[in-house]
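Structure first, commentary second.
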Amino acid sequence: MKKLLYLHPSWHDKEENTLGKLTSLISTDVEHLKYLTGIYTAVYFQAIGGFVIGIAVALLASWKLTLFTMLILPFFAALQIIMVKHMKG
């Protein structure tokens, strides 16, 4: 931010460096940072925690069934990726 104050005045005259565009860029970056550190991070850690705890409970219940499930897990993950790509168009 401080660097912008010390740039040559002609730099600010360029179309891509106008005050409105720079303010919009900073505002957008702040919004992206808010989303990154907010709900998405919480959902990520919740999913990882649920997966680890689920595997631990499954291993305690039936280790053979858990190993079989872990073998077919990549297949279901691939199907999920295909489904998401299809939904996005």
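No value in this document is a laboratory result; all are computed from the given coordinates. What you see is a predicted model; the values in this text were computed from it and never measured. Virtual Cβ from ideal backbone geometry, glycine too; neighbours counted across all protein chains shown.
With respect to the stated conditions, Y44 fails to be assigned to a helix (DSSP H, G or I) and within 30 Å of K3 (Cβ to Cβ). Within the set L59, L73, L36, the sole residue that is in contact with a Ser or Thr (Cβ under 9 Å, 6 or more places away or on another chain) and assigned to a helix (DSSP H, G or I) turns out to be L59. Criterion applied to L71, L25 was being out of contact with any Gly (no Cβ under 8 Å at 6 or more places or on another chain) and either among the β-branched types (V, I, T) or under 30 Å from K3 (Cβ atoms) (or both), and the one residue passing it is L25. Looking for something surrounded by fewer than 10 Cβ atoms within 10 Å (Cβ to Cβ), not aromatic (F, W, Y) and not in a helix (DSSP H, G or I) - is there at least one such residue anywhere in the range 7-15? Yes, the range 7-15 has at least one match. Taken over the range 35-55, the residue count meeting the criterion of being of a type outside the set (F, W, Y) and surrounded by 11 or more Cβ atoms within 10 Å (Cβ to Cβ) is 3. If only residues of the range 25-53 that are more than 11 Å from the chain's Cα centre (by Cα) and aliphatic (A, V, I, L, M) are counted, the one that is nearest to M70 (Cα to Cα) is V52.
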